[in-house]
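The values are calculated or read from the model by the stated rules, or taken from the named source; none is laboratory data. Worth saying up front: this structure is predicted, and the values here are computed from it rather than measured. Heads up, the Cβs are rebuilt from the backbone with ideal geometry, glycines too, and the neighbour counts pull from every protein chain shown.
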Amino acid sequence: MDEVAVRLVVVVAVVAGALGLARLSRPWQDAAHPRLQIAPGELPAGVVLFTSTDCDQCANARAALQRAGIDYREVTWEIESDRFERYGVQGVPLVAQLDAAGKQLYLAAGVPTRRTLRALRG
């Protein structure tokens, strides 16, 4: 293998490693979460943030929604664990947007990204 090919392989390996580390450092950001099972009228229409008191990222999720000026209803595991079980919440923080009938319009796991915040603002 000549010197140019070796350099190209090294560059590709470094980029692939960096992308892998970036993905591991934010495991929930793009993670898929199964649709929630929320009956009509159980929660008001709007944004709902599912949290836990021992979740480090939940405070960051709260702050992101507040900075973006998005009103939300918080459902905390330690206070309303029955809702977590009924709705099928599998991890926190979890942001959902519901219409008046309880239909899920948007669902995102992790600290809200700019993309998520734009979607929630409509």
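Here's a check for you: in segment 47-90, which residue that is under 13 Å from the mean Cα position of the chain (by Cα) and among the aliphatic types (A, V, I, L, M) is farthest from Pro112 (Cα to Cα)?
Applying the filter and picking the extreme gives Val89.
On the basis of being under 13 Å from Leu98 (Cα atoms) and either charged (D, E, K, R) or modelled with pLDDT under 55 (or both), does Glu42 make the cut?
yes
Six or more apart or on different chains, Cβ under 7 Å: which pairs go from a residue in segment 32-60 that's touching a residue at least 60 places away in the same chain (Cβ under 8 Å) to one that's in a loop (DSSP other than H, G, I, E, B) and acidic (Asp, Glu)? Could you list them?
Val47/Asp71
Would you pick out the residues in segment 56-94 that are loosely packed, with under 13 Cβ neighbours inside 10 Å and under 17 Å from Leu120 (Cβ atoms)?
Passing the criteria: Ala63, Gln66, Arg67, Gly69, Asp71.
Which count do you get for residues in segment 58-83 that are among the polar types (S, T, N, Q) and out of contact with any strand residue (DSSP E or B) (no Cβ under 9 Å at 6 or more places or on another chain)?
Residues flagged as among the polar types (S, T, N, Q) and out of contact with any strand residue (DSSP E or B) (no Cβ under 9 Å at 6 or more places or on another chain) within segment 58-83 amount to 2.
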